[in-house]
Amino acid sequence: MSFNKKVTLKHIAKLMGMTPATISKALRDSDDISETTRKKVKALAEELGYRPNLMARSLVSQRSFMLGVIVPNLRISFFSEVTRGIYEEARRQGYEAIIVVNDESFDNERRNLEFLSALAVDGILINAVPGIKNHNILTRIAERGVPFVSYDRFVDNFNFHSVTIDDEGAAFKVIEHLVQDGRRNILFLGPTDTLSVAKGRYRGYRKALKHFNIDFEPRRVVACEIEENDSSRKMQQVLDSKIPVDAVMCIGGLVAYGAGRTILNSQLSIPGDIALAEFGDNDIVARLGVPFLTVYQFPYKMGLTAVQMVINLIKNPSLLEKPEHKIIQTKLIYHEIGVKSRIISNIHDSGID
């Protein structure tokens with residue numbers, strides 16, 4: 001078969017004896033086209049080297065078919081997997097994901113937002129830096145009708161559509177398991193009053209202590225940055241203080257890695273002396289080579305769901321007035337070395353909060 005330098009929908013339609021509209025729907029996985037037809041159209045399009053003309057498509061539809069995605073940190077496997085769910089689902093829906101990283105910096109996030117706004121993306125998926133320093137630019141973009149969906153975290157002072165887990169409920173389950181394992185001197189390591197996920201996890205920590213009749217000890221709540229060096233320093237300060245600690249609940253993987261590194265360097269064992277728990281099932285924690293407890297947040301599903309939500313908002317702008325908050329199911333998992341990970345419990349069913 002000869003190859004055309006610029007294959008069009010009309011060209012494929014002529015070869016298959018169909019209309020260009022049918023070909024377009026088949027390539028976009030439209031439900032009113034049979035699966036058999038979709039497969040045949042896609043196979044021929046791939047063989048001919050067809051690529052959609054995004055410029056022409058944008059002119060006709062008044063859409064860019066691009067989604068902006070703001071990610072805090074791609075070093076963390078949780079965020080990497082969320083991002084994979086986002087760009088794979090975006091492509092399935094005929095969109096491209098433009099991925100930028102804020103590195104937990106307000107200045108970087110502002111640049112991210114300005115860049116995505118200049119690209120005229122159709123929607124933005126955001127895992128925002130906590131605080132309100134970028135309130136003005138967020139407001140300006142939202143007022144232009146660009147839909148935002150926050151994933152993993154909420155955006156301070158905005159009621160955007162969102163896809164998160166039940167952070168409070170998950171933290172409660174973590175503490176419940178540690179208490180059942182005989183731990184009562186449980187450290188909370190991470191921010192408590194800035195990051196929305198940390199606030200929820202801290203509420204769950206306090207709620208669980210009260211439920212299990214464990215006295216709250218302020219010295220066992222230690223704030224730290226979301227990175228391994230600061231958490232390592234703060235963990236060392238706790239150990240030096242001699243306050244009894246037999247478990248530590250970390251708000252994320254980098255925090256857990258730093259804390260775990262310090263525990264091991266202090267010639268203490270994990271979990272013998274101090275049990276380690278974290279959120280996100282992050283690969284970095286596994287580098288410690290010790291058993292640990294994790295809240296698995298189904299990051300791929302979180303990313304996929306966020307894309308479906310923002311595309312629905314693009315197609316139905318009236319829905320922007322009624323923000324929807326979806327809760328992704330989580331699981332509590334115990335990782336052991338050389339043993340298959342053990343699921344302890346489901347924490348929250350999928351659904352709408």
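The values are calculated or read from the model by the stated rules, or taken from the named source; none is laboratory data. As the structure is a prediction and not an experimental result, all values here were calculated from the model. Heads up, the Cβs are rebuilt from the backbone with ideal geometry, glycines too, and the neighbour counts pull from every protein chain shown. Calculation scope for accessible area: heavy atoms of the full protein, side chains included, ligands and nucleic acids excluded. Shrake-Rupley method; radii C 1.70, N 1.55, O 1.52, S 1.80 Å.
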So, in the stretch 185-202, of the ones that are surrounded by 23 or more Cβ atoms within 10 Å (Cβ to Cβ) and in a loop (DSSP other than H, G, I, E, B), which residue ends up modelled with the highest pLDDT?
190
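Matching residues to (1) surrounded by 24 or more Cβ atoms within 10 Å (Cβ to Cβ); (2) β-branched (Val, Ile, Thr):
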position: 204; (1), (2): no, no
position: 217; (1), (2): no, no
position: 221; (1), (2): no, yes
position: 225; (1), (2): no, no
position: 250; (1), (2): yes, no
position: 274; (1), (2): yes, yes
position: 282; (1), (2): yes, no
position: 298; (1), (2): no, no
position: 306; (1), (2): yes, no
Pair list, Cβ under 7 Å, 6 or more apart: the stretch 100-118 residue among the charged types (D, E, K, R), other residue open to solvent by 50 Å² or more (accessible area, probe 1.4 Å):
104/226
Taking the stated definitions as given, is residue 74 closer than 30 Å to residue 197 by Cα and either under 35 Å from the mean Cα position of the chain (by Cα) or at pLDDT below 85 (or both)?
yes
Selection status of residue 267, among the polar types (S, T, N, Q), touching a helix residue (DSSP H, G or I) at 6+ places or on another chain (Cβ under 6 Å), modelled with pLDDT of 95 or more and open to solvent by 30 Å² or more (accessible area, probe 1.4 Å)
no
When the stretch 290-329 is checked residue by residue, the ones that are of a type in the set (Lys, Arg) and either farther than 20 Å from residue 204 by Cβ or under 12 Å from the mean Cα position of the chain (by Cα) (or both) are 301, 315, 322
It is to be established whether one or more residues within the stretch 281-289 are over 19 Å from the mean Cα position of the chain (by Cα), within 30 Å of residue 326 (Cβ to Cβ) and at pLDDT below 95.
yes
Restricting the stretch 7-31 to residues that are part of a loop (DSSP other than H, G, I, E, B) and out of contact with any helix residue (DSSP H, G or I) (no Cβ under 7 Å at 6 or more places or on another chain), the one nearest to residue 91 (Cα to Cα) turns out to be 28
Answer yes or no: is there a residue in the stretch 91-108 that is charged (D, E, K, R), open to solvent by 20 Å² or more (accessible area, probe 1.4 Å) and at pLDDT 95 or above.
yes
When you go through 291, 323, 244, 317 one by one, which is the residue that is touching a His at 6+ places or on another chain (Cβ under 8 Å), farther than 21 Å from residue 170 by Cα and surrounded by fewer than 21 Cβ atoms within 10 Å (Cβ to Cβ)?
323
